[in-house]
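One structure is given here, and the rest of the page talks about it.
The values are calculated or read from the model by the stated rules, or taken from the named source; none is laboratory data. All figures in this text were calculated on a predicted structure; none of them were measured in a lab. All Cβ positions, even for glycine, are placed from backbone atoms using ideal geometry, and neighbour counts span all protein chains on display.
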Ligand SMILES: Cc1ncc(COP(=O)(O)O)c(C=O)c1O
């Protein structure tokens, strides 16, 4: 169990910020790293060719450690949508084949698949699960020999519904389907092991549970797709790109591994040092310890939420770090703004109240939440 890490963040004592599913705050150390990084561009004569490579390469190593994957399988992307569109463009689907997804999963992970189905004569099938029910059995039942691609999250962004990715992987192997993941609501908070899950592609937007700056992310790519087509035809992803003086003389060949999928201007001098600082802190804490801590605290918090009349997704059906609660009928429309007036911050998505604390929270925050809910619900 980890103790509260509030001192590492810029959070006032009177603020109970319980909304990681929306946007994490940045640690002081991350802000300092970003400030130092942005100064390089203020004085471009201090910017070395190494700056175009070193932080990117370090970020891939650190993220690889976090998800148990070699750095050569990681690409740097600006968003989940960028990574998931890359995936959709590099997987084949035949007419009549199906793409299986969860109903109401995040749009960055549905639009590319809807387009793919339209353009190939395939079907985009959304598996519906009622709030509180288990997602994995419903998905397993939907995956059959007609399935070409399974495109799911580890944890649903609205209710926190949990998908057992090892079970899904096994079923994909049985029917020969590709597996594409959006791990934006889970990576960094619960243990993710790509050696075991073996996704074809997995995208993460970093600004939530990864505690990183906005507009940064990663795409994991299985070696089977190392020869695919990137969204952009960049220059820095080619063999010999370090040789700035004669780039036009270089061969068109991409550098090996997943590098070809790196975004244009991937060497973000301001943001990448912040990403690396956040990843280093996550690794220092250890994802298993983060998961255990959030799981234990959320179990206690759920009991208290039940006592004030909320129904939460049962622990066995939700991500350990993520509480989705059903609002009682007749809950006031202005609940979130009233909570915000009391400096308690949550979000509602598709009627599900998301309560997503992290290591910066302490007992005082939970007391403040329960006290406010008691009066407002
Ligand atoms: C599950 C999930 N994926 C992705 C995103 C963000 O997507 P993008 O990086 O494409 O803006 C969010 C944001 O709420 C999300 O909840």
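Within segment 40-59, how many residues are touching a residue at least 60 places away in the same chain (Cβ under 8 Å) and either within 16 Å of the ligand (Cβ to nearest atom) or in a helix (DSSP H, G or I) (or both)? If you could, list the steps in order and put the result at the bottom.
Within segment 40-59, the first condition is being touching a residue at least 60 places away in the same chain (Cβ under 8 Å), and the residues that meet it are 40-41, 47, 49, 51-53, 55-56, 58-59.
Those left that are additionally either within 16 Å of the ligand (Cβ to nearest atom) or in a helix (DSSP H, G or I) (or both): 40-41, 49, 51-52, 55-56, 58-59.
Result for segment 40-59: 9.
The conditions are (1) buried (at least 17 other Cβ atoms within 10 Å of the Cβ); (2) within 16 Å of the ligand (Cβ to nearest atom); (3) over 18 Å from residue 313 (Cβ atoms), and residue 126 fails exactly one of them. Which is it?
The failed condition is (1).
Checking residue 65 against (1) more than 16 Å from the chain's Cα centre (by Cα); (2) surrounded by fewer than 17 Cβ atoms within 10 Å (Cβ to Cβ); (3) touching a residue at least 24 places away in the same chain (Cβ under 8 Å), only one condition comes out false. Which one?
Residue 65 satisfies every listed condition except (1).
Here are some residues: 260, 277. Which one is within 19 Å of the chain's Cα centre (by Cα) and at pLDDT 95 or above?
On the way: 260 fails: within 19 Å of the chain's Cα centre (by Cα).
Checking each option against the conditions leaves just 277.
Quick one: which residue in 149, 100 is within 23 Å of residue 231 (Cβ to Cβ) and either within 16 Å of the ligand (Cβ to nearest atom) or in contact with a strand residue (DSSP E or B) (Cβ under 8 Å, 6 or more places away or on another chain) (or both)? Steps first, answer last, please.
Numbers: 100 fails: within 23 Å of residue 231 (Cβ to Cβ).
Being within 23 Å of residue 231 (Cβ to Cβ) and either within 16 Å of the ligand (Cβ to nearest atom) or in contact with a strand residue (DSSP E or B) (Cβ under 8 Å, 6 or more places away or on another chain) (or both) holds for just one of 149, 100, which is 149.
Before we move on, is residue 78 out of contact with any helix residue (DSSP H, G or I) (no Cβ under 6 Å at 6 or more places or on another chain), in contact (Cβ under 8 Å) with a residue 60 or more places away in the chain and within 13 Å of the ligand (Cβ to nearest atom)?
Numbers: out of contact with any helix residue (DSSP H, G or I) (no Cβ under 6 Å at 6 or more places or on another chain): yes; in contact (Cβ under 8 Å) with a residue 60 or more places away in the chain: yes; within 13 Å of the ligand (Cβ to nearest atom): yes.
Answer is yes for this residue.
Please determine whether any residue of segment 19-28 is surrounded by fewer than 17 Cβ atoms within 10 Å (Cβ to Cβ) and more than 16 Å from the ligand (Cβ to nearest atom). Break it down into steps so the answer makes sense when it comes.
Within segment 19-28, the first condition is being surrounded by fewer than 17 Cβ atoms within 10 Å (Cβ to Cβ), and the residues that meet it are 22-23, 28.
From what's left, more than 16 Å from the ligand (Cβ to nearest atom): 28.
Yes, that holds for at least one residue.
For residue 37, work out the one condition from (1) away from the ligand (no atom under 16 Å from the Cβ); (2) surrounded by 17 or more Cβ atoms within 10 Å (Cβ to Cβ); (3) closer than 28 Å to residue 162 by Cβ it doesn't fulfil.
(3)
In segment 93-110, how many residues are within 18 Å of residue 148 (Cα to Cα) and either assigned to a strand (DSSP E or B) or in contact with a helix residue (DSSP H, G or I) (Cβ under 8 Å, 6 or more places away or on another chain) (or both)? Quick ask: steps written out before the conclusion?
Here is the first cut: in segment 93-110, the ones within 18 Å of residue 148 (Cα to Cα) are 93-103, 109-110.
From the residues that got through so far, the ones that are either assigned to a strand (DSSP E or B) or in contact with a helix residue (DSSP H, G or I) (Cβ under 8 Å, 6 or more places away or on another chain) (or both) too are 93-95, 97-102, 109.
Count: 10.
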